[in-house]
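The values are calculated or read from the model by the stated rules, or taken from the named source; none is laboratory data. Quantities reported herein were computed from a predicted structural model and do not represent experimental measurements. Every residue, glycine as well, gets a Cβ built from its backbone with ideal geometry; the counts of neighbours run over all protein chains shown. Keep in mind that these areas ignore ligands, DNA and RNA; they rest on the heavy atoms of the full protein, side chains included. Shrake-Rupley method; radii C 1.70, N 1.55, O 1.52, S 1.80 Å.
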Amino acid sequence: MKDTLLKIKTEAIAALAEDGADIEALRIKYLGKKGELTAVLRGMGKLSAEERPVIGQLANDIRAEIEAEIEKQSAAMKSAALDARLKAEKLDVTIPGTKVPVGKPHPLAMVQRQLEEIFLGMGYSIAEGPEVEYDYYNFQALNIPPDHPARDTQDTFYITENILLRSQTSPVQARVMEKQQPPIKIISPGRVYRSDAVDATHSPLFHQCEGLVVDKGITMGDLKGTLEMFAQTMFGADTRIRFRPHHFPFTEPSAEVDVSCFACGGKGCRLCKGEGWIEILGAGMVHPNVLRMCGIDPEVYSGFAFGLGIERIVMLKYHIDDMRHLYENDVRFLHQF
Ligand code: PHE
């Protein structure tokens with residue numbers, strides 16, 4: 001019996017010392033009412049009178065030892081658990097915070113918004129048109145019949161013979177005039193497409209902003225005043241503008257418009273290639289044929305229109321020398337603006 005008791009003790013202590021021991025289960029196994037030690041004690045009746053107190057004493061000692069071991073192991077486990085928790089939850093308030101990356105508008109979007117602000121401020125509304133457009137609106141309604149040479153400079157992508165990706169925002173002019181009698185005062189920013197190879201100044205997809213004003217008594221003076229106001233807000237109060245005669249089939253007279261170089265003030269520098277002037281847009285008085293085709297009487301109304309390239313303005317404003325940067329979506333580049 002003594003051997004059994006000693007064996008229980010060795011086993012119990014070894015089991016308790018094991019990593020991850022289930023202490024409560026072991027307590028029940030060895031010391032519980034149906035436990036191994038209790039079972040031994042139950043058999044004590046069979047012992048002789050001399051043996052009984054000796055074995056009894058031994059059994060009590062062993063019980064006490066196992067209890068003490070249980071106590072010790074559960075205290076050790078508790079403190080290990082606490083240590084682990086403290087370690088896991090450690091908070092160093094002196095560590096600098098983690099920066100959350102914050103997005104920002106793309107330079108093209110920034111300039112587009114600025115354009116919208118400027119013209120909304122002058123009482124314009126924003127009109128939209130489809131990027132997949134009818135040949136009719138992109139060309140014919142703009143006084144460019146099927147075999148007109150002006151089509152060569154605006155070669156685009158065709159879906160069918162009559163449906164294409166718009167090569168300019170000008171078709172929005174025709175769409176607006178068809179639906180609405182004057183007074184009309186809109187801008188229309190958006191994507192346009194041309195069958196151009198990619199290089200530093202060309203892309204098959206780019207952005208334009210169209211402007212259209214039609215009312216009684218609109219003159220070229222209104223066009224000039226409007227564009228001057230726009231240029232000075234966009235490029236600085238000292239900016240001057242210059243009209244050069246040009247040809248567009250849907251405006252007559254037509255002009256290309258330059259702004260005085262905002263880098264050198266007109267003296268000539270690298271940005272303006274020594275010219276002192278930088279071309280920024282095309283414009284003119286809406287052609288009577290266009291008004292007529294859109295259901296507006298050119299004897300009663302007149303109007304002006306202009307169209308500018310948004311990429312060009314972005315590149316000039318931010319001194320970007322390669323248009324491809326605007327489409328590559330490299331955040332290291334985009335975060336500079
Ligand atoms: N749509 C012309 C272009 O893309 C620009 C323009 C617009 C010219 C409106 C005159 C009037 O070249």
Under 9 Å between Cβ atoms, which residue pairs at least 6 apart in sequence (or on different chains) link something in the range 155-169 that is open to solvent by 40 Å² or more (accessible area, probe 1.4 Å) with a partner that is at pLDDT below 95 and within 13 Å of the ligand (Cβ to nearest atom)?
155/196
Can you confirm whether the range 269-277 contains a residue that is of a type in the set (A, V, I, L, M), open to solvent by 30 Å² or more (accessible area, probe 1.4 Å) and in a loop (DSSP other than H, G, I, E, B)?
yes
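Can you tell which of 284, 309 is within 16 Å of the ligand (Cβ to nearest atom) and within 29 Å of the chain's Cα centre (by Cα)?
309
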Can you tell me which residue among 188, 125 is under 24 Å from residue 204 (Cβ atoms) and touching a residue at least 12 places away in the same chain (Cβ under 8 Å)?
188
Which of the residues that make up the range 287-315 are part of a helix (DSSP H, G or I) and touching a strand residue (DSSP E or B) at 6+ places or on another chain (Cβ under 6 Å)?
310, 311
Residue 262 passes all but one of (1) away from the ligand (no atom under 14 Å from the Cβ); (2) closer than 30 Å to residue 165 by Cα; which number fails?
(2)
Residue list for the range 80-111, restricted to those being open to solvent by 70 Å² or more (accessible area, probe 1.4 Å) and part of a helix (DSSP H, G or I):
82, 83, 85, 86, 87, 88
Determine whether residue 191 is in a strand (DSSP E or B), under 30 Å from residue 334 (Cα atoms) and open to solvent by 50 Å² or more (accessible area, probe 1.4 Å).
yes
For the range 51-77, name all the residues that are open to solvent by 40 Å² or more (accessible area, probe 1.4 Å) and among the small types (Gly, Ala, Ser).
64, 68, 75, 76
Filter the range 138-173 for residues that are under 33 Å from the mean Cα position of the chain (by Cα) and among the small types (Gly, Ala, Ser); the one that is farthest from the ligand (Cβ to nearest atom) is 167
Just to confirm my filter: which helices (runs of 4 or more DSSP H) fall fully inside the range 1-79 and include at least 2 residues that are within 60 Å of the chain's Cα centre (by Cα)?
2-17, 23-31
Report, by residue number, each residue of the range 212-240 that is crowded, with 19+ Cβ neighbours inside 10 Å and within 28 Å of the chain's Cα centre (by Cα).
234, 235
Test: residue in the range 178-186 that is open to solvent by 50 Å² or more (accessible area, probe 1.4 Å), closer than 22 Å to residue 228 by Cα and either in a helix (DSSP H, G or I) or out of contact with any helix residue (DSSP H, G or I) (no Cβ under 7 Å at 6 or more places or on another chain) (or both):
yes
